[in-house]
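J.: Dumping the structure here so I can ask a few things about it.
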Amino acid sequence: MTVLFDGVASGMLLFLISVGLSVTLGLMNFVNLAHGAFAMVGGYLCVSLLNRVGVPFLAALPLAAVLTALAGVVLERTLYRRLYTATHLDQVLFSIGLVFMSIASAQFLFGAQQQPLTLPDFLRGQISLPGLDMGAYRLFLILLSLVIAFGLQRLVGGTRFGAELRASVDNPRAARGVGINVERVFTLTFALGTALAGLGGALGVEMLGLDPSFPVKYIVYFLIVVAVGGSGNITGSLVASLILGVLDVAGKYYVPQIGAFVIYAVMVVMLIFRPQGLFGRRAAR
Amino acid sequence: MDYALQTRNLAKNFGGFTATNNVSLNIEAGARHALIGPNGAGKTTLINLLTGFLEPTAGRVILQGEDVTRLGQHQRVKRGLARTFQINRLFADLTVLESVTMAVNERLGVGARFWKPVGAHHQAVDEAVALLDSLRLLDVAHATTRSLAYGKQRLIEIALALAMKPRVLLLDEPAAGVPTTESRELFESIAALPRDVTILLIEHDMDLVFRFADRISVLVGGALLTHGTPEVIASDPKVREVYLGEAICA
Amino acid sequence: MSLATFDLSPLRRADRWHPAELAFWLLPVAAYLVFPDNLVLLTQIAITALFCLSLDLILGYAGIVSLGHAAFFGFGAYAAGLLAANGIGDPLAGLAVAALASAALGFVTSFLVLRGSDLTRLMVTLGIAMMLYEVANKLTDLTGGVDGLQGIEMTPLLGRFSFDLYGKTAYWYAVAVLFLLFWAARRLVHSPFGLSLKGIRLNVARMPAIGAPVNARLSAIYTIGAAYAGIAGALLAQTTQFVALDVLSFNRSAELMLILVLGGSGSLYGAVIGTIVFMSAHHVLSDMNPEYWQFWLGALLVLVVLFARDGVMGSVRRLSHAAGGRRKGER
């Protein structure tokens, strides 16, 4: 049971980070391998705010998300938008370039070591039920992610902004024709995706660790979530993240000698048999 | 009667939309057969089903007596079925001669030779040159495809199909986008093809159709409305009804 | 223009060796004479150039995108390394085994890779490479895991030239293999097969309509590219007598892509020139802080994608085109 619980917690974390990738990939058709770099930025921001400035943890989280989103917006407006119509290969090369730059910068600013993070007291304890030990932090993580997942679903499915986003993606020209500012919608969406990555990165310091190799180490996990969940699909991402989180934790716990092999195999098999993902509709455009 | 190409109850659905509805078509060997119908009648979809570009939902395609429904595009091409596309699908960075030589290579079965250079396969090169000559394209043979005007590119589209030495040739609006003077020339080259090549033509210009075709089938809403000789079709009240709008526009 | 006066020579001459090419292949000799103390680096350049050449064949000519080409490099390296570590130290036998092993892997995986769109291909190739990495990481008994594969003993090349301390044999060995395989690749791209690959890259939808079996062709070039990469990996294992786990790493695949883009894809020479530029720059700049190197590498990649998508060879082509145009006064 504890393994299952930890798996769910790490799955939720995966969801938070990868849902932004799912949105940029599925809705905006941009292969952003630098997504993990934004998560890393969020992580470093959070740690710096906590340890150097002395901001309390609960305030550092939204700050990290907002600051990461700002960085995302700047990059989107200056660089990313030039490549919306480029080939996937160019997008990949471009974002790998960003990843390399982010790794080097992180190493330069913070060094190669893991970053320490001290959680506030109320998130540190354990809640023990018969047969189940719940870390308070993991419980916090699960609840917070559920709230965000619900909010996202509402945002895309039930608001004017969501409708504009779906229209912009389905047919940018027609959307422009009915007066939607497609560029602004894309910028906001990109900002939202990076904000979530930043938040996920900040929350993940405790569980995933944080060092300069973060963007490369976890990018495959994020891609798997998108591949399995179907790109652009929020519910799909959530379910895929949970499956992956539980499989990963259980795999490391019960059959450590196989390691991450299973995860990669699952991804390849998925891509081959259901390229549109478990819950996917066909990718936009 | 000898048929070059037949379909049996051919159907294609996209989701809930029926693009091709129970079409049974018989095209006689050596015919100059035209397929007409208003926009959205499913003419290109039918061509795509015939060539294997799309898989049918139901029904069969029979090429010179052989059921080819399960065969891929390139296998049907090997059996003598070639096509042109409504919108050019060319090789922008290759020269005209390279493009056509590549097509001839495939027909001669030397397309996978990987040691001797292209220019050393004399039979293919000579044939490509002769084909370009017959379409009066020799003076642009060494120009890249992208550098040519649309009308010329349209001729390359046809050259690529002719390089297959087809028994059955499907022409999907060959004159689309070509200036009137050039389209006349283009149709002269098509009309000059040997009589034993069967041609199925999709065309909007009714003048061209009635001058060129000896059989006409009319497709409406994915289904075959009627077929017959040009005289029969011209006097058919059902066809007039369908075409009334378009005839006025034209 | 009539049939009788038609000039076929532009097509016939396409595969002739240009004098500049012959001069280019004197560079290895010059490098040997000018930098006799840097033979290890020069050997690495030759090996990486061969590896990059293999990516150019599948990406530059056939248009198959891959984020996991290191899979074949590493597979070949381990194949040759294991062979030599188990008593069969003949270099050429090692190359043959590595080529066959990687080609087999390439052939089998080609069916998985070719199914999808570009995006699926990127992720499937990445996934396959990561799987191999994990396997090599976990099979410590066989591969040595993170400690690397050791105990590789090479017998003299052709029974005569033993691998010396200065790396002279290794250098000429790597250069000779690179040249031979480059020559073969050059024949291949000028052949009907090579032409059909360009056709597939330029307009994949048209190819079946001219009777070309697209998947068979792609499968074939993917297998050949894998064999080339395997031979490059084997050369690395043999000349360094060591196989590190990072032969399979994502970084190696990504870096290779960068080298090819830098040099310009689809010309064979772009792969070699890109490697020379990249590795030399790496050598010079990594004397500075290695982190800076990675930063500038990333920045370079971003700039190349945004502003110079056709790489060094593209610039060369534009320049020579301009010069040629002026000479002939036409075009």
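J.: Give me a single rounded figure for C:182-193: the average over its residues of other chain Cβ atoms within 10 Å of their Cβ. Let's see the in-between values first.
T.: Details: counts 0, 0, 2, 0, 1, 4, 3, 2, 7, 12, 18, 8.
Averaged over the peptide's residues, the number is 5.
J.: What is the mean number of Cβ atoms from other protein chains located within 10 Å of the Cβ atom of each residue in peptide B:101-107, rounded to a whole number?
T.: Working: counts 3, 8, 8, 3, 9, 9, 3.
Partner Cβ neighbours, averaged per residue: 6.
J.: Could I ask something else about it? How long are the three semi-axes of the equivalent ellipsoid of the protein assembly as shown, in whole Å, if each is the root of 5 times an eigenvalue of the C-alpha gyration tensor, listed from largest down? Write down the numbers at each step before the final one.
T.: Values: eigenvalues 521, 298, 117 Å².
Semi-axes from the Cα gyration tensor: 51, 39, 24 Å.
J.: Where in the stretch B:91-121 does the amide nitrogen come within less than 11 Å of the point 7 Å from the Cα of C:Leu8, taken along Cα to Cβ?
T.: B:119-121
J.: Of the listed peptides A:152-163, C:212-223, what is their order by residue-averaged count of other C-beta atoms within 10 Å, with the highest listed first? Mind showing how you got there, number by number?
T.: Details: A:152-163: 13.5, C:212-223: 20.3.
Top to bottom by mean Cβ count within 10 Å: C:212-223, A:152-163.
J.: Something else: Once the Cβ-Cβ distance between A:Ala136 and C:Ile88 is put in as r, and R0 is 60 Å, what FRET efficiency do you end up with, to the nearest 0.05? Display every interim value, and only then the final one.
T.: Working: r = 59 Å, r/R0 = 0.98.
Taking R0 as 60 Å, the efficiency between A:Ala136 and C:Ile88 is 0.55.
J.: HN-Hα J couplings of the stretch A:239-246 from phi, Karplus 6.51/-1.76/1.60, θ = phi - 60°, integer Hz, Gly and Pro as x?
T.: 5, 4, 4, 5, 4, 5, x, 5
J.: May I ask you to derive the relative contact order of the stretch C:38-249, considering only C-alpha pairs under 8 Å and at least 6 residues apart, and to give it as an integer percent?
T.: Details: 349 pairs, mean separation 96.1, N = 212.
The value is 45 percent.
J.: A:Phe150 to A:Met1: extension gain in nm, 0.36 nm per residue of separation minus the Cα-Cα distance? Don't skip to the answer; put the middle values down first.
T.: Numbers: separation 149, 0.36 × 149 = 53.64 nm, distance 2.50 nm.
That works out to 51.1 nm of additional length.
J.: Right, something else. Show the residues, 5+ positions off or on another chain, whose built amide H is closer than 5 Å to the amide H of A:Leu27.
T.: A:Gly232
J.: Follow-up. Compute the signed sum of charges (Lys and Arg +1, Asp and Glu -1) over the other residues within less than 13 Å, Cβ to Cβ, of C:Gln238.
T.: -2
J.: Still on this structure: Considering amide H positions built from the backbone, and no H for Pro or chain starts, which residues 5 or more places from B:Thr20, or on another chain, come under 5 Å of its amide H?
T.: B:Lys12
J.: How many nm separate the modelled label positions at A:Met207 and A:Arg81, each set 7 Å beyond the Cα in the direction of the Cβ?
T.: Rounded to a tenth, the inter-label distance reads 3.5 nm.
J.: If you don't mind, there's one more thing I want to ask. Kindly tabulate the residues in the stretch A:73-99 with an accessible-area decrease of at least 40 Å² between the chain alone and the assembly of all protein chains, using a probe of 1.4 Å.
T.: A:Arg82, A:His88, A:Leu89, A:Asp90, A:Leu93, A:Phe94, A:Ile96
J.: For the stretch B:82-100, which residues drop by 10 square angstrom or more in accessible area between the chain on its own and all protein chains together (1.4 Å probe)?
T.: Correct list: B:Arg83, B:Phe85, B:Arg89, B:Leu90, B:Phe91, B:Asp93, B:Leu94, B:Leu97, B:Glu98.
J.: Could you provide, to the nearest whole Å², the per residue accessible area of the protein assembly as shown with probe 1.4 Å?
T.: Value for the protein assembly as shown: 42 Å² per residue.
J.: Rg(Cα) of the stretch B:93-164 divided by 2.2 N^0.38 Å?
T.: Numbers: Rg = 11.5 Å, N = 72, 2.2 N^0.38 = 11.2 Å.
The stretch B:93-164 yields a ratio of 1.03.
J.: Assuming R0 = 60 Å, what is the FRET efficiency of C:Ser286 and B:Ser235, from their Cβ-Cβ distance, to the nearest 0.05?
T.: Numbers: r = 84 Å, r/R0 = 1.41.
FRET efficiency, C:Ser286 to B:Ser235: 0.10.
J.: Could you tell me how many degrees, from 0 to 90 and to the nearest 10, lie between the Cα long axis of helix B:150-162 and the main elongation axis, the longest principal axis, of the Cα atoms of chain B?
T.: It works out to around 90 degrees.
J.: Right, another one. Looking at the protein assembly as shown, send over the antiparallel percent of its DSSP beta bridges, to the nearest 5. Spell out each step's value before the answer.
T.: Values: 26 of 42 bridges.
Just about 60 percent of them are antiparallel.
J.: While we're looking at this one, here's another question. Relative contact order of chain A, please, whole-number percent, based on alpha carbon pairs below 8 angstrom and at least 6 residues apart.
T.: Numbers: 441 pairs, mean separation 112.3, N = 285.
The normalised contact order for chain A reaches 39 percent.
J.: Name the residues of the stretch C:124-159 whose accessible area, probed at 1.4 Å, falls by at least 50 Å² once all protein chains are in place instead of their chain on its own?
T.: Listed by number, the residues meeting the 50 Å² cut-off are C:Met130, C:Met131, C:Glu134, C:Lys138.
J.: Could you tell me what percent of the accessible area of the protein assembly as shown is made up of carbon and sulfur, with a 1.4 Å probe and every protein chain present? Show your work: numbers first, answer last.
T.: Numbers: 22330 of 36370 Å².
Result for the protein assembly as shown: 61 percent of the exposed heavy-atom area is carbon or sulfur.
J.: Which residue, chosen from A:Gly157, C:Ile128, A:Asn32, occupies the Cα position most advanced towards the positive end of the dipole of the protein assembly as shown, where the dipole is computed from +1 (Lys, Arg) and -1 (Asp, Glu) charges on Cβ about the Cα centre?
T.: Among A:Gly157, C:Ile128, A:Asn32, the one farthest towards the positive end of the dipole of the protein assembly as shown is A:Gly157.
J.: At R0 = 35 Å, how high is the FRET efficiency between C:Ala184 and A:Leu247 if r is their beta carbon distance? Nearest 0.05 is fine.
T.: In this case the efficiency is close to 0.20.
J.: Label point 7 Å out from A:Ala112 along Cα-to-Cβ: which residues of the stretch C:129-162 have amide N under 19 Å?
T.: The answer is C:146-148, whose backbone nitrogens lie closer than 19 Å to the label point.
J.: Calculate the mean, over all residues of peptide A:264-273, of how many other protein chain Cβ atoms lie within 10 angstrom of the residue's Cβ.
T.: Details: counts 10, 5, 1, 7, 11, 3, 3, 12, 8, 1.
Across A:264-273, the average partner-chain Cβ count within 10 Å equals 6.
J.: Report, ordered by chain and residue number, the lysines lying within cross-link reach of B:Lys238, taken as a straight Cα distance under 25 Å and ignoring same-chain residues fewer than 8 apart.
T.: B:Lys12, B:Lys43
J.: Could the peptides A:185-193, C:174-182 be put in order, highest first, of the mean number of other beta-carbon atoms found within 10 Å of their residues? Write out the running numbers ahead of the final one.
T.: Details: A:185-193: 21.6, C:174-182: 19.1.
Taking the mean over residues of other Cβ atoms within 10 Å, the ranking is A:185-193, C:174-182.
J.: Additional query: Tell me: how much accessible area in total is hidden between B and C, 1.4 Å probe, Å², nearest 100?
T.: Numbers: alone 12430 and 17470 Å², together 26440 Å².
When B and C are taken together, about 3500 Å² of accessible area is lost.
J.: Show the residues, 5+ positions off or on another chain, whose built amide H is closer than 5 Å to the amide H of B:Leu170.
T.: Answer set, sorted by chain and number: B:Ala82, B:Arg83, B:Thr84, B:Leu200.
J.: Continuing with this model, one more query. Residue by residue, what Karplus-based ³J(HN,Hα) values in Hz, rounded to whole numbers, does the stretch A:157-169 have, using 6.51, -1.76 and 1.60 with θ = phi - 60° and x for Gly and Pro?
T.: x, x, 10, 4, 4, x, 5, 5, 4, 5, 5, 4, 7
The values are calculated or read from the model by the stated rules, or taken from the named source; none is laboratory data. In this text the structure is predicted, and so the values were computed from the model without any measurement. Cβ sites come from the backbone with ideal geometry, for glycine too, and all protein chains shown count toward neighbours. Note: accessible area is taken over every heavy atom of the protein model, side chains too, but ligands, DNA and RNA are not part of it. Shrake-Rupley method; radii C 1.70, N 1.55, O 1.52, S 1.80 Å.
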